[in-house]
Amino acid sequence: MKRSFYEFLMTLRNADSTEPEAEFAANAHRDQSFPKQETDYEKISDYLELNAGYLPSMTIFDEAYQKYQDTDRK
């Protein structure tokens, strides 16, 4: 079974990092409404555009989602 994007994103969490993806992961972890079971790019993107003031650029999400796809292909 394919893991959700959130499950992948949590592998990028690192409290000691200031990298944008690590900060995105930490903020998503604190976001109680984040769609934790979702795998679909459009649905996650729509959620983030409307609800994630903590994400300074959608490019961060795009890059993380690409890594998610690349990882799940292996």
Set of region 1-24 residues, backbone N closer than 18 Å to the point 7 Å along the Cα-Cβ line of Asn51: 4-10, 24
Farthest positive-ward along the chain dipole, Cα basis, beta-carbon charges - from Thr71, Met58, Ala22: Thr71
The chain - percent relative contact order, Cα under 8 Å, separation 6 or more: 35
Added length on full extension, which subtracts the Cα-Cα distance from 0.36 nm per residue, Asn27 to Glu63: 11.3 nm
Length released on extending from Asp70 to Glu38, taking residue separation times 0.36 nm less the Cα-Cα span: 9.9 nm
Size of electric dipole in region 2-61: Cβ of Lys, Arg +1 and of Asp, Glu -1, about Cα centre, debye, nearest 20: 220
Total formal charge among the other residues, if their Cβ is under 14 angstrom from that of Tyr54, Lys/Arg +1 and Asp/Glu -1: -2
Per residue value of the accessible surface for the chain (all protein chains in place, 1.4 Å probe), Å²: 65
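The values are calculated or read from the model by the stated rules, or taken from the named source; none is laboratory data. These numbers were taken from a predicted model, which means no experiment stands behind them. So basically every Cβ, Gly included, is an ideal-geometry build from the backbone, and we count neighbours across all protein chains shown. Calculation scope for accessible area: heavy atoms of the full protein, side chains included, ligands and nucleic acids excluded. Shrake-Rupley method; radii C 1.70, N 1.55, O 1.52, S 1.80 Å.
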